[in-house]
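Values in this text are rule-based calculations from the coordinates and carry no lab data. Just so you know, these numbers come straight off a predicted model, no measurement behind them. Don't worry about glycine lacking a Cβ; one is built from the backbone with ideal geometry, like all the others, and counts go over all protein chains shown.
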Amino acid sequence: MQAVEKISENTSWIPIVLVFLFSLIAALKIIDSVKLRGYVFAMFNKGFVEDEAEEDTSIFSSFYSLIFLFFITVLSLALHFIVSKNHATIANNFGSFLKFFLIVLCYFSAKRVLENAIASLFLMKKHVRYYIVSKFSYQYSLSFILLIGYIVFQFSPLNPTNFIYFSLILYVFRFIFLVRNNKNLIFSELFYFILYICAFEIAPLLTLFKLML
């Protein structure tokens, strides 16, 4: 009953978005079920990430375009849920979600293009390719877990605030796996890695939240 009540509280658009997400998963499975399984468990399968780093596949292929869209949609849902539950000024409707979606889409698209452009400009693309591939592979992997967490917190009596801690724990694990599997690159270039974190991770995220609020 509580789940039904939550759906009726101006959130009738949420099931539609969830159906869209499950449709994306079905499409990804049809295109390449092995690769989809690999991305779901990417954080626990270093061999898969190494294979992906060795492949010179286009990010604009159908599979990578769809999984990127899946990731953006899930992250937008999660951010919208967190912000709307903690800020009364943020409306819980599709228009508000769409704003989040467009901002997140523009942010990660620009970030991806800029990272690749800088890596190519300074002739570091091969040197940092595994790091870049592992970074977005872990993002995709976490998006599947984040989707499950979102559904549980959205349609259950659980305190929505706990979803923030759930999400933070996921991204802490992502950071740990990222550092562990790239420790040689990171610790050999620690100063530049810290600059990278500040310039490409922390500062843009602060800007992103300011745009949303």
Worksheet item: Going through segment 16-78, which chymotrypsin sites (Phe, Trp or Tyr not before Pro) have at most 12 other Cβ atoms within 10 Å and a DSSP loop state?
Response: F41, F60
Worksheet entry | Protection proxy ranking of 157-165, 73-81 - average other beta-carbon atoms within 10 Å, highest first | 73-81, 157-165
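Work out how much length I31 to L158 would gain on full extension: take 0.36 nm times their residue separation and subtract the Cα-Cα distance, in nm to one decimal. Present the calculation step by step, with values, prior to reporting the outcome.
On the way: separation 127, 0.36 × 127 = 45.72 nm, distance 3.60 nm.
Length gained between I31 and L158: 42.1 nm.
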Item to complete: Return the distance in nm (one decimal) between the two label points of a simple spin-label model at L168 and S12, each offset 7 Å from Cα along Cα→Cβ.
Response: 3.7
Worksheet item: Hey, rough spin-label estimate for F175 and E54, points 7 angstrom out along Cα→Cβ, what's it come to in nanometres?
Response: 3.2
